[in-house]
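Note sheet for the following structure.
The values are calculated or read from the model by the stated rules, or taken from the named source; none is laboratory data. Treat the numbers as computed from the prediction; the structure is a model and nothing was measured. All Cβ positions, glycine included, derive from the backbone under ideal geometry; neighbour counts span all protein chains shown. When the accessible area is computed, the model is the full protein with side chains, heavy atoms only, and any ligands, DNA or RNA have been set aside. Shrake-Rupley method; radii C 1.70, N 1.55, O 1.52, S 1.80 Å.
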Amino acid sequence: MTVLVVGEALVDLVPGGDGRLAAHPGGGPYNAARTLARLGAPTVLLTRLSSDSFGDRLRAELEADGVSPAALVATDDPTTLALAETDDAGVARYVFYSADTAAAGLTREEALAALPDDVSALLAGTLGLVLEPLAGAVEAVTAAVAEGTLVLVDPNCRADAIADEAAYRERLARVLANTDVVKVSEEDLDWLSPGTDPQAAARELLAAGPSVALLSLGPDGARVLTAEGDLTVPSPAVEVVDTIGAGDALGGGFLAWWQRHGLGREALADAEALRAATDYAVRVAARTCERAGAAPPTLDELPD
């Protein structure tokens, strides 16, 4: 059975100390797909890739990591770009260049035509819930696979990219109705529910449909919230190079552990399984922070 990841693939342009821009393959779903494949999960990425040199590099990285190309949609539109600037703590902020680009142009019809038959888990989110027509494609895929499939959604809210807040919130509500696990950060929750305590805001998301909220706490690890209670899993101390791709690695690491142990939606009621999967996920995210760009560890580097 396959983990399907749907959403954007793009190139992060990261300014260096010498004023030059370093180009890193990126995009939340793209990073998550690479994480899953590196950790041994059979993974298919459903996205639209350009025929330009950046698109060639994106394909090459996927191939090197073992991500299946079966659902890649080819286009001559240029690759979507994100300018990623990091602060003194290594935390990244982004400006996106997406108009008339490859990632944004995925249509509902293209996505459903490329949908694999044997999907056991789905991961979606980030700009895939924002850019059009991509957002409509992601919503359609989520609805198409929802029954019997474990669905993890990472909103990863990019406020600067959201032109129509009301439409975004309406789409997110529809997607969450078909979601089992919602992975969020405190920054996401602060935007979604301003002034609300993060745990209370996460529980508001549970009321929208998911049975589990996976709340990233950055260097403090992650908190898992369910209707029955919550638990906190600490993160190991690491020397942070940057945080690019860390949140994507968290979601990918969680699903990789879940898949490797043969678990499905029903096991989300098992608190010990949630603890173990989250512990693995925060270790995957921590290792990613030790490297420049989104470079998650492999299964050999980070076994269970």
Completion exercise
Lys and Arg at +1, Asp and Glu at -1: neighbours of L58 with Cβ under 14 Å from its Cβ sum to -4
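Shape verdict for the range 20-75, please, from the Cα gyration tensor: rounded (a/c under 1.5), prolate (a/b greater than b/c) or oblate.
Taking the square roots of the gyration eigenvalues as a ≥ b ≥ c, the range 20-75 is oblate.
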Problem - Percent accessible area from carbon and sulfur atoms, the range 147-304, protein chains only, probe 1.4 Å - result: 49
Problem - the range 283-297 - phi-based ³J(HN,Hα) in whole Hz, Karplus 6.51/-1.76/1.60, Gly and Pro as x - result: 5, 4, 5, 4, 5, 5, 5, 7, 10, 6, x, 8, 10, x, x
Exercise for the section: Report, in whole Å, the centroid distance computed from the Cα atoms of the range 9-48 and the range 268-290. Expected result: 20
Fill in the blank from the handout: With a Förster distance of 51 angstrom and the Cβ-Cβ distance between A237 and L112, calculated FRET efficiency to the nearest 0.05 equals 0.70
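I need the shape label for the range 179-263. Rule: rounded when a/c is under 1.5, else prolate if a/b > b/c, else oblate, with a, b, c from the alpha carbon gyration tensor.
oblate
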Completion exercise
Of the accessible area of the range 19-137, computed with a 1.4 Å probe and all protein chains kept, carbon and sulfur make up a percent value of 51
Exercise for the section: May I ask you to rank W257, W191 by accessible area, largest first, using a 1.4 Å probe over the protein chains only? Expected result: W191, W257
Handout entry: Phi to ³J(HN,Hα) by Karplus 6.51 cos²θ - 1.76 cosθ + 1.60 over the range 28-39, Hz, x for Gly, Pro
Key = x, x, 4, 4, 5, 5, 5, 4, 4, 5, 4, 8
Fill in the blank from the handout: Rounded to the nearest whole number, the per residue volume of the convex hull around the C-alpha atoms of the chain in Å³ is 118
Practice task
Could you do me a favour and compute the accessible area per residue for the range 114-165, 1.4 Å probe, result in Å²?
Solution key: 33
Handout entry: Net charge of Cβ neighbours under 11 Å - reference A271; Lys, Arg +1; Asp, Glu -1
Key = -3
Problem - Using a Förster distance of 25 Å, the FRET efficiency for E147-S193 (Cβ separation, nearest 0.05) - result: 0.30
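With the other protein chains left in place, how much accessible area per residue, in square angstrom, belongs to the range 199-304 at a 1.4 angstrom probe? Before the final figure, lay out each step's value.
Working: 4320 Å² over 106 residues.
Counting only protein heavy atoms, the per-residue value for the range 199-304 is 41 Å².
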Completion exercise
Checked the range 151-304 with the C-alpha gyration tensor, a ≥ b ≥ c its square-rooted eigenvalues, rounded below a/c of 1.5, otherwise prolate if a/b is larger than b/c and oblate if not; verdict oblate
Problem - Local electrostatic count at M1 - Lys and Arg +1, Asp and Glu -1, tallied over other residues with Cβ under 11 Å - result: -2
Problem - Over the range 1-149: Rg over Rh, Cα atoms, Kirkwood Rh - result: 0.97
Exercise for the section: Would you mind computing, in nm to one decimal, how far apart the modelled labels at A292 and A60 are, each placed 7 Å from Cα along Cα→Cβ? Expected result: 1.7
Problem - Ranked packing of 26-35, 152-161, most packed first, by mean Cβ within 10 Å - result: 26-35, 152-161
Handout entry: Computed label-point distance, nm, for sites A159 and A99 using a 7 Å Cα→Cβ extension
Key = 2.3
Fill in the blank from the handout: Check: C-alpha center the range 151-226 vs C-alpha center the range 65-85, spacing in Å is 25
Exercise for the section: Determine the per residue accessible area of the range 4-74 with all protein chains present and a 1.4 angstrom probe, expressed in square angstrom. Expected result: 34
Practice task
Place a +1 charge on the Cβ of each Lys and Arg in the chain and a -1 charge on the Cβ of each Asp and Glu, then give the dipole magnitude about the Cα centre in debye, rounded to the nearest 20.
Solution key: 360
Exercise for the section: Report, in debye and to the nearest 20, how large the dipole of the range 135-180 comes out about its Cα centre when Lys and Arg carry +1 and Asp and Glu carry -1 on their Cβ. Expected result: 20
Handout entry: Rounded FRET efficiency, nearest 0.05, which uses the C-beta distance separating D76 from D270 and R0 of 30 Å
Key = 0.05
Practice task
Give the long-range amide H neighbours of V73: residues separated by 5 or more places, or on another chain, with amide H under 5 Å away, using H modelled in the peptide plane at 1.01 Å from N.
Solution key: T47, R48, L49
